[in-house]
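Note sheet for the following structure.
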Amino acid sequence: MTKDVNQTDCMPCRLISGFGVFGMGIYVHFQARYYKNVFSKRITQSLGIGVCGIGIARLLDLPPFRKERKS
(Lines give C-alpha, C1' and ligand atoms only; values in the text may rest on other atoms or scores of the structure.)
Protein backbone atom coordinates (compact mmCIF):
# COMPACT_ATOMS: atom_id res chain seq x y z
CA MET A 1 0.00 0.00 0.00
CA THR A 2 1.40 3.43 -0.89
CA LYS A 3 0.97 6.56 1.13
CA ASP A 4 -0.63 9.55 -0.57
CA VAL A 5 1.74 12.53 -0.84
CA ASN A 6 -1.10 14.97 -0.08
CA GLN A 7 -1.95 13.22 3.19
CA THR A 8 -1.20 15.33 6.28
CA ASP A 9 -0.79 14.35 9.91
CA CYS A 10 -3.88 14.39 12.07
CA MET A 11 -4.12 16.95 14.87
CA PRO A 12 -3.86 14.42 17.74
CA CYS A 13 -0.66 13.01 16.21
CA ARG A 14 0.88 16.47 15.99
CA LEU A 15 -0.19 17.36 19.54
CA ILE A 16 1.16 14.19 21.11
CA SER A 17 4.49 14.27 19.29
CA GLY A 18 4.91 18.05 19.60
CA PHE A 19 4.21 18.19 23.32
CA GLY A 20 6.27 15.05 23.88
CA VAL A 21 9.35 16.52 22.21
CA PHE A 22 8.77 19.88 23.90
CA GLY A 23 8.56 18.13 27.28
CA MET A 24 11.79 16.26 26.63
CA GLY A 25 13.49 19.55 25.82
CA ILE A 26 12.27 21.10 29.07
CA TYR A 27 13.52 18.05 30.98
CA VAL A 28 17.00 18.19 29.38
CA HIS A 29 17.21 21.95 29.94
CA PHE A 30 16.45 21.69 33.66
CA GLN A 31 18.63 18.63 34.22
CA ALA A 32 21.63 20.77 33.26
CA ARG A 33 21.50 22.43 36.69
CA TYR A 34 23.15 19.32 38.18
CA TYR A 35 26.33 19.72 36.12
CA LYS A 36 29.33 21.18 37.93
CA ASN A 37 31.20 22.25 34.80
CA VAL A 38 29.85 25.54 33.40
CA PHE A 39 30.69 24.59 29.81
CA SER A 40 28.79 21.29 30.05
CA LYS A 41 25.90 23.08 31.72
CA ARG A 42 25.58 25.63 28.91
CA ILE A 43 25.85 23.00 26.18
CA THR A 44 23.12 20.90 27.80
CA GLN A 45 20.86 23.92 28.30
CA SER A 46 21.34 24.90 24.65
CA LEU A 47 20.53 21.36 23.55
CA GLY A 48 17.35 21.42 25.63
CA ILE A 49 16.27 24.74 24.13
CA GLY A 50 16.93 23.37 20.63
CA VAL A 51 14.79 20.32 21.30
CA CYS A 52 12.02 22.60 22.61
CA GLY A 53 12.22 24.51 19.33
CA ILE A 54 11.76 21.27 17.39
CA GLY A 55 8.68 20.49 19.48
CA ILE A 56 7.23 23.94 18.81
CA ALA A 57 7.93 23.57 15.10
CA ARG A 58 6.06 20.27 15.15
CA LEU A 59 3.09 21.78 16.98
CA LEU A 60 2.84 24.74 14.62
CA ASP A 61 3.44 22.64 11.48
CA LEU A 62 6.46 24.71 10.45
CA PRO A 63 8.54 23.91 7.32
CA PRO A 64 10.68 20.98 8.49
CA PHE A 65 7.48 19.06 9.30
CA ARG A 66 5.06 20.58 6.78
CA LYS A 67 3.98 18.29 3.98
CA GLU A 68 4.18 19.81 0.54
CA ARG A 69 0.73 20.14 -0.94
CA LYS A 70 0.33 19.72 -4.66
CA SER A 71 -2.38 21.69 -6.44
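The values are calculated or read from the model by the stated rules, or taken from the named source; none is laboratory data. Remember, predicted model here, so these are calculated numbers, not experimental data. Please note: Cβ atoms are built from the backbone with ideal geometry, for glycine as well, and neighbour counts cover all protein chains shown. SASA here: full protein model, heavy atoms, side chains in, ligands and nucleic acids out. Shrake-Rupley method; radii C 1.70, N 1.55, O 1.52, S 1.80 Å.
Can you sort Lys36, Lys41, Lys67 by 1.4 Å-probe accessible area, starting with the largest? It would help to have the intermediate numbers written out before the result.
Values: Lys36 190, Lys41 50, Lys67 75 Å².
Ranked list, largest accessible area first: Lys36, Lys67, Lys41.
Take the Cα of Tyr34, step 7 Å toward its Cβ, do the same at Asp9, and the gap between the two points is 2.9 nm. Legend: residues Asp9, Asp61, sorted from most to least accessible area (1.4 Å probe; ligands, DNA and RNA excluded), read Asp9, Asp61.
Counting only heavy atoms of the protein chains, get the accessible area per residue of the stretch 9-60 (1.4 Å probe) and round it to a whole Å² value.
Values: 3590 Å² over 52 residues.
That works out to 69 Å² per residue.
Working from label points 7 Å from Cα in the Cα-to-Cβ sense, the Ile16 to Lys67 distance is 1.7 nm. Computed on the Cα atoms alone, the convex hull of the stretch 9-60 gives a volume of 43 cubic angstrom per residue.
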